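The values are calculated or read from the model by the stated rules, or taken from the named source; none is laboratory data. Since we're looking at a predicted model, the values are computed, not measured. Please note: Cβ atoms are built from the backbone with ideal geometry, for glycine as well, and neighbour counts cover all protein chains shown. SASA here: full protein model, heavy atoms, side chains in, ligands and nucleic acids out. Shrake-Rupley method; radii C 1.70, N 1.55, O 1.52, S 1.80 Å.
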Amino acid sequence: MIALHSCISLLLTGLYLFLVVYFIKGWARLKRPKPYTGVFHTKVTVLIAARNEEKGISKTIDDLLAQDYPKELTEIIIVDDHSTDRTAEIISGYAGRGVKLLRLNEDKPLNSYKKKAIATAIGLSNGELMVATDADCRMGNRWLSSVVGYYENNELVMISSPVAYFEEKSLFEYMQTLEFSYLIGIGAAFIGNKRASTCNGANLAYRKDVFHEVGGFRGIDELASGDDELLLQKVAVRYPGRIGFLKEREAIVYTHAKHTFKQFLQQRRRWASKSTHYKDKRIVALAVAIWLFNLSLVVNAGLGFYDIFFFKLFALQFLLKYLFEAAFLLPITSFFKRSGLVALLILLIPVHVLYFVYIGLIGNTRKYEWKGRVVR
């Protein structure tokens with residue numbers, strides 16, 4: 001029995017390490033884009049769905065208005081999702097500067113108000129390229145021109161761009177920044193390997209005609225989350241080689257880590273809730289394999305209290321996981337100019353293993369809270 005258990009643990013470890021090597025190669029295959037030297041001609045619509053964002057939305061709007069992309073080619077649409085604070089009032093204050101405010105007015109309960117908000121904005125937009133971000137994000141003044149320049153230089157229908165946490169105030173938030181860099185790196189690596197599977201909706205661009213061509217959010221609109229990854233997967237089926245990741249620092253969008261562990265768990269449960277709806281079941285199988293690998297770490301650590309052999313097995317798994325993940329994270333954190341965060345990996349791994357196993361168990365079985373609503 002011990003021999004069988006060891007074989008399974010080592011098999012899962014080997015599979016996970018193979019995946020990390022696959023991610024390392026995928027990230028390395030992504031090249032920095034050539035600078036755009038032409039004259040822009042793409043009409044762009046920046047989309048934001050906002051709910052109760054009065055604390056920071058003015059900073060986001062100011063960043064959007066400060067973009068160096070031609071104003072005559074830029075449309076900004078912000079959809080207020082039934083905010084109960086001053087969000088709509090703040091947005092309307094920018095009407096004179098060309099910011100359009102739409103208000104959701106749904107009389108029937110929905111499970112995904114955000115998808116409804118985005119689809120409504122797209123239906124009323126004038127742009128060719130939809131560029132989605134979030135109401136609590138910050139960006140430099142060359143963000144939009146970087147995205148559009150990449151779009152015009154390449155025959156792409158969808159572009160995933162980097163997102164990073166910033167302005168951390170605690171060790172917990174710094175650890176989230178490192179883990180989030182890992183997740184962004186995985187999405188980029190899949191695209192680098194021509195297997196687009198994951199992305200982040202805080203920095204996602206796609207052609208409007210392609211959005212309509214794949215049916216928009218039809219078929220995934222019952223989920224509260226998934227306006228990014230599930231849409232990307234629909235596009236990837238139709239255009240498998242025409243999704244890009246913009247490996248450019250000026251294209252980074254910045255947002256904040258969660259301040260409390262409760263908020264963090266709610267966010268991760270929301271992200272996990274869409275995993276079983278992935279159309280590519282190979283990705284689901286890989287996610288299950290990664291979960292089983294992490295579960296084996298927990299099991300072996302626990303059995304180590306009864307038999308030192310299992311602790312040695314756990315130590316071997318932990319060491320290999322640490323070395324391979326550090327090799328993956330170093331170039332990614334270097335891209336974000338946050339290489340020092342890799343020093344936290346030794347602390348992050350135990351926490352990540354435990355919460356990952358926990359989220360895998362409950363992510364698709366319970367409702368969760370998001371923006372003051374209980375959804376699934």
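Go through the range 107-120 and give me each residue that's closer than 21 Å to R86 by Cβ and either at pLDDT below 65 or more than 18 Å from the chain's Cα centre (by Cα) (or both).
Y113, A117
Would you say L19 is of a type in the set (A, V, I, L, M), assigned to a helix (DSSP H, G or I), farther than 20 Å from E248 by Cβ and open to solvent by 60 Å² or more (accessible area, probe 1.4 Å)?
Criteria not met by L19.
Taking only the range 280-304 into account, find how many residues are open to solvent by 40 Å² or more (accessible area, probe 1.4 Å), under 31 Å from the mean Cα position of the chain (by Cα) and closer than 14 Å to H5 by Cβ.
Adding up the residues that qualify gives 4.
Checking the structure you have, find out if any residue of the range 19-30 is touching a strand residue (DSSP E or B) at 6+ places or on another chain (Cβ under 8 Å) and either under 30 Å from F324 (Cβ atoms) or not acidic (D, E) (or both).
yes
Looking only at the range 322-349, which residues are open to solvent by less than 60 Å² (accessible area, probe 1.4 Å) and without any contact (Cβ under 8 Å) to a residue 12 or more places away in the chain?
Within the range 322-349, S334, S339 qualify.
Test K59 against the criterion of being part of a helix (DSSP H, G or I) and of a type in the set (D, E, K, R), and give yes or no.
Here the answer is yes, as K59 does meet what is asked.
Out of (1) in a helix (DSSP H, G or I); (2) in contact with a helix residue (DSSP H, G or I) (Cβ under 7 Å, 6 or more places away or on another chain), what's the single condition that is false for G127?
It is condition (1) that G127 fails.
If a residue has to be over 19 Å from the mean Cα position of the chain (by Cα), among the charged types (D, E, K, R) and at pLDDT 95 or above to count, how many in the range 338-376 make the cut?
0
Given the criterion surrounded by 21 or more Cβ atoms within 10 Å (Cβ to Cβ), not polar (S, T, N, Q) and not in a loop (DSSP other than H, G, I, E, B), identify the matching residue among Y69, Y150.
Y150
Okay, residues lined up against (1) among the hydrophobic types (A, V, I, L, M, F, W, C); (2) surrounded by fewer than 15 Cβ atoms within 10 Å (Cβ to Cβ):
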residue	(1), (2)
A3	yes, yes
L11	yes, yes
V39	yes, yes
I61	yes, no
L64	yes, no
I76	yes, no
K100	no, no
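Only one of these conditions is not met by N105: (1) of a type outside the set (D, E); (2) without any contact (Cβ under 8 Å) to a residue 24 or more places away in the chain; (3) part of a helix (DSSP H, G or I). Which number is it?
(3)
Among residues belonging to the range 305-321 that are farther than 15 Å from L10 by Cα and of a type outside the set (A, V, I, L, M), point out the one that is least open to solvent (accessible area, probe 1.4 Å).
Among those residues, the one meeting the criterion is D307.
From the list E128, E89, E167, exactly one residue is open to solvent by 10 Å² or more (accessible area, probe 1.4 Å), closer than 28 Å to S197 by Cβ and either charged (D, E, K, R) or touching a strand residue (DSSP E or B) at 6+ places or on another chain (Cβ under 9 Å) (or both). Which is it?
E128
How many residues are under 30 Å from I346 (Cβ atoms) and either aliphatic (A, V, I, L, M) or part of a loop (DSSP other than H, G, I, E, B) (or both) when one looks only at the range 166-194?
Qualifying residue count, the range 166-194: 15.
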